[in-house]
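What follows draws every value from the coordinates through simple rules; no lab data is involved. In this text, all values refer to a predicted model and were calculated from it rather than measured experimentally. Heads up, the Cβs are rebuilt from the backbone with ideal geometry, glycines too, and the neighbour counts pull from every protein chain shown.
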Amino acid sequence: MSAPRTVLVINSGSSSLKCQLIEPDSGVSRADGTIERIGEDSGLAGMTVGDREVRRDGPPIPDHDAALRTAFALLEQAGAALDSVNLVAVGHRAVHGGRSFFEPTPVTDALIAKMRELAPLAPLHNPPAVLGMEVARRLLPDLPHIAVFDTAFFHHLPTPAATYAIDRELAERWHIRRYGFHGTSHRYVSEQAAEFLGVPLRELNQIVLHLGNGASAAAIAGGRPVDTSMGLTPLEGLVMGTRPGDVDAGIILYLARTAGMTVDEIDAMLNRHSGVYGLGGQVDFRELHKRIAAGDAAAKLAYDVYIHRLRKYIGAYLAVLGHADVIVFTAGVGENDPAVRRDALAGLDGLGIEVDDELNESPVRTARRISTADSPTTVLVVPTNEELAIARDCVAVLDAAS
Ligand code: ADP
């Protein structure tokens, strides 16, 4: 029997590069590594293979080329050298596909050129993803490289959900629509939820709440997204770690005209100094809870605003869907914070949503139900795994081509 097919999945950020070696057919992750502080005075790199963890702390990692070479060296050191596995493809996490990319797409010069054009739509995400693609293609030229876009799942959002009520010609000219993000996670998690329940995906109305540092909600009817909270960029919607989610667009005009802030200053305020951090001085919910327990009013306000927005979106998506069979929590906060899950759904018995407190507090980390046995809407916690979804997309592309 030949060795299992393995995909190298790369998630390339501006100062970090994450990679995993995944066997898509079994879902096994063979290796998981993060290279951090790219371009800084001292680098930080770690790779875990089974129960073996190797680290390299200190030597500078000047650029993405060095980062990927470091990852390959650590893989070898940890016993998972690339030439020891049956590597069939490299999958690249790509954030914004604009109107051009909505399927897993082979990485070509043309794709890279187009992604550069799309950079203004995702200035924080697309340029480093392109860098990752370029160095990986250089270092692994004989393998197929495939880009999987965060926006892809939402490409076919119903037009009323995708359209901003702004001047149509302007929107058309500048490609302004609601694109949605975290699509790879929303798709994966909604499929996992159906599998967990043993019910065909097409029979389920789901509300998926992806609550990480970035956060988004999606309403999914029979496997097809019908609404999502992020828009042209990942700024819209839920309150996030450092982003505000929905704000009155008038705030931006007011800050520019009256406070004299530049576009870059407003950009930094919205992307880095807002959200839970902007209100409570802390992005990590574990710390936020500690501060609340210690009587910190700012932390409490940040939490309350976060929960209020979440409940608003749940209510909105119940109306969009008509009813929800399933509500799913996923990502860092969604998977690990029982207080957020409890408070997001507290008092919704009248809408058919009843959380079981004991199940909600359970330390189990795999997919699980947290609603009462007779709650009309089932509430689940389902761990997301965007890397596995990307690896599976890659082999699907290969299989379709063969
Ligand atoms: P990203 O959007 O960066 O992928 P993640 O999905 O990894 O984010 O979520 C990271 C966030 O998850 C952290 O900032 C923290 O707020 C939250 N988190 C992680 N573990 C816990 C925990 N045990 N309890 C509460 N929150 C947690």
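For residue 81 and residue 109 in the same chain, what is the full-extension length gain: residue separation times 0.36 nm, less their Cα-Cα distance, in nm?
Full extension of this stretch gives 7.3 nm more.
Which value in Å does the Kirkwood hydrodynamic radius of region 95-216 take, with 1/r averaged over all unlike C-alpha pairs and then inverted?
16.2 Å
Would you mind telling me which residue in 232, 139, 380 has the biggest mean-square fluctuation in a Gaussian network model of the chain, where springs connect alpha carbons within a distance under 10 angstrom?
139
For 188, 277, 179, what ranking results if the residue with the fewest other Cβ atoms within 10 Å of its Cβ goes first?
Exposure proxy ranking, most exposed first: 277, 188, 179.
Assuming a ≥ b ≥ c are the square roots of the Cα gyration tensor eigenvalues, decide whether region 18-177 counts as rounded (a/c under 1.5), prolate (otherwise, with a/b larger than b/c) or oblate.
Taking the square roots of the gyration eigenvalues as a ≥ b ≥ c, region 18-177 is prolate.
If each residue of separation counts as 0.36 nm, what is the full-extension length gain between residue 304 and residue 264 once their alpha-carbon separation is subtracted?
Gain on stretching residue 304 to residue 264: 11.5 nm.
Can you compute the modelled spin-label distance between residue 249 and residue 399, with each label point 7 Å from Cα toward Cβ, in nm?
Label-label distance for residue 249 and residue 399, simple model: 4.3 nm.
Checking the cross-link filter: which aspartates and glutamates have an alpha carbon closer than 18 Å to that of residue 290, excluding same-chain neighbours under 8 positions apart?
Correct list for residue 290: 304, 337, 343, 361.
What percent antiparallel are the DSSP beta bridges of the chain, to the nearest 5?
65 percent
Placing unit charges on C-beta atoms (Lys and Arg positive, Asp and Glu negative, everything else neutral), compute the dipole magnitude of region 162-238 about its Cα centre in debye, rounded to 20.
It works out to roughly 100 debye.
Taking K and R as +1 and D and E as -1, what net charge do the other residues with C-beta under 10 Å from the C-beta of residue 383 add up to?
Taking every other residue near residue 383 into account, the sum is +1.
Please express the Cα-Cα pair-distance distribution P(r) of the chain as a list of whole percents, one per 10 Å bin, running from 0 to the bin with the greatest distance.
Calculated P(r), rounded to whole percents: 5, 21, 31, 28, 14, 2, 0.
Springs between alpha-carbon pairs under 10 angstrom, Gaussian network model over the chain: which of 371, 190, 15 fluctuates most?
Sorting by GNM fluctuation, first place goes to 15.
Could you identify which residue out of 329, 196, 101 has the top mean-square fluctuation in a GNM of the chain using Cα springs shorter than 10 Å?
Its mean-square fluctuation being the largest, the pick is 196.
Going toward the positive end of the dipole of the chain, with +1 on Lys and Arg Cβ and -1 on Asp and Glu Cβ, which of 336, 244, 48 do you reach last?
244
Please give the charge dipole size of the chain, origin at the Cα centre, charges +1 on K and R Cβ atoms and -1 on D and E Cβ atoms. Round to the nearest 20 debye.
Around 440 debye, computed over the chain.
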